[in-house]
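Written below as structure tokens is the structure these notes are about.
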Amino acid sequence: MKFLSILLLFTGLGIGTSGFAQKANVVTFGLCTDVHIPTMHDSEYRMTTFIDAMKKEKPDFIIELGDFSIPKPEYQKAYDIWNSFPGEKHHVIGNHEMDGGTTLEKALAYREMESSYYSFDKNGFHFVVLDGNDKVDPSKKGYQQLIGSEQLAWLRQDLEKSQFPTILFSHQGLSIYKTHQETYGVENFEEVQALLQAHNSLHPDRKVIASFNGHTHTDYAENIGGIWYISTTSMAYHWLGEDYEHIRYSAEVDKNYRWIKFTAPFKEPLFTTVTISSKGTIKIAGKKTEWVGPSPFELGFPENLKPYVHPEISKKKLRF
């Protein structure tokens, strides 16, 4: 009778006769994006701050979402700091990785990447890294934003083979984001979203639950068709443009780093950790700092962008 009472107690708690309730899968990763090492005079400090924090927090892996740097000797120290993290590390290829005549092949080789798009599993979750730099028109120069047909075919097959819920990483967003300046996001975002929705309708047990991107230097999250599209702001600054030129540090810094005056830098580097549980939650730890000098809006930047443009990665708890 005593054994039967204990058995009924465990069953009543939803634990069952096989022991304890099934443990949730949980994965935590450190996240930063748009470090722009060549642009900022204090990039090594920013990268050191991130890596030191990650060494203490010990996430399952770290990832940067593109626009890290180009492979030149003067930026090697920042790469070395990144590589000093003792755990698993991942890169995403951004549009500025190929600046200065750098080829995609060289950018990949420098990061010891076999491909600009790939996938991996961790703690019961499937992660997919995409490359949003495919050419809309190969004859045109300049930055282009596309997930090309070959990559889409690979993505479809990769999702089909996966046995776990999926999280996507890309530099350019897979949803559209419009500002007064330009449109951010891959040009065929509707096609990509349709592919993801089709997969989810067929495989709800291993659906795509979230897509993280950089590129916009903004902070927002939007749920479209049950998938969270999450934009993470830059580690370093928000880009303003020539209309908002302002010397932020000193004439000497401006002389050596000529792009800073067109930005609104963050006093401390922004990065975060993300924890995802199979119980249906995405927790973004968040991080907040201050502007260096006047805010964009003190310089006349459009007020309607205030919800997205701030020196912060917002703390969020999202459900899927």
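Some points to look at:
- The criterion of at least 1 residues that are touching a Pro at 6+ places or on another chain (Cβ under 6 Å) and hydroxyl-bearing (Ser, Thr, Tyr) is met, among strands (runs of 3 or more DSSP E) falling completely within the range 262-313, by 272-277.
- For the range 26-44, the tally of residues that are in a strand (DSSP E or B), surrounded by 22 or more Cβ atoms within 10 Å (Cβ to Cβ) and either modelled with pLDDT under 95 or not small (Gly, Ala, Ser) (or both) stands at 3.
- Screening ASP134 on (1) in contact with a Gly (Cβ under 8 Å, 6 or more places away or on another chain); (2) of a type outside the set (Val, Ile, Thr); (3) at positive phi shows it passes everything except condition (3).
- Residue in the range 72-89 that is crowded, with 21+ Cβ neighbours inside 10 Å, at negative phi and either part of a helix (DSSP H, G or I) or at pLDDT 95 or above (or both) present: yes
- Residues within the range 216-262 that are within 22 Å of THR48 (Cα to Cα), hydroxyl-bearing (Ser, Thr, Tyr) and out of contact with any helix residue (DSSP H, G or I) (no Cβ under 9 Å at 6 or more places or on another chain), tallied: 4
- Exclusive hit being in contact with a His (Cβ under 9 Å, 6 or more places away or on another chain), at pLDDT 95 or above and in a strand (DSSP E or B), set PHE68, PHE120: PHE120
The values are calculated or read from the model by the stated rules, or taken from the named source; none is laboratory data. Note that the coordinates shown come from a computational prediction; the quantities given were computed from them, not determined experimentally. All Cβ positions, glycine included, derive from the backbone under ideal geometry; neighbour counts span all protein chains shown.
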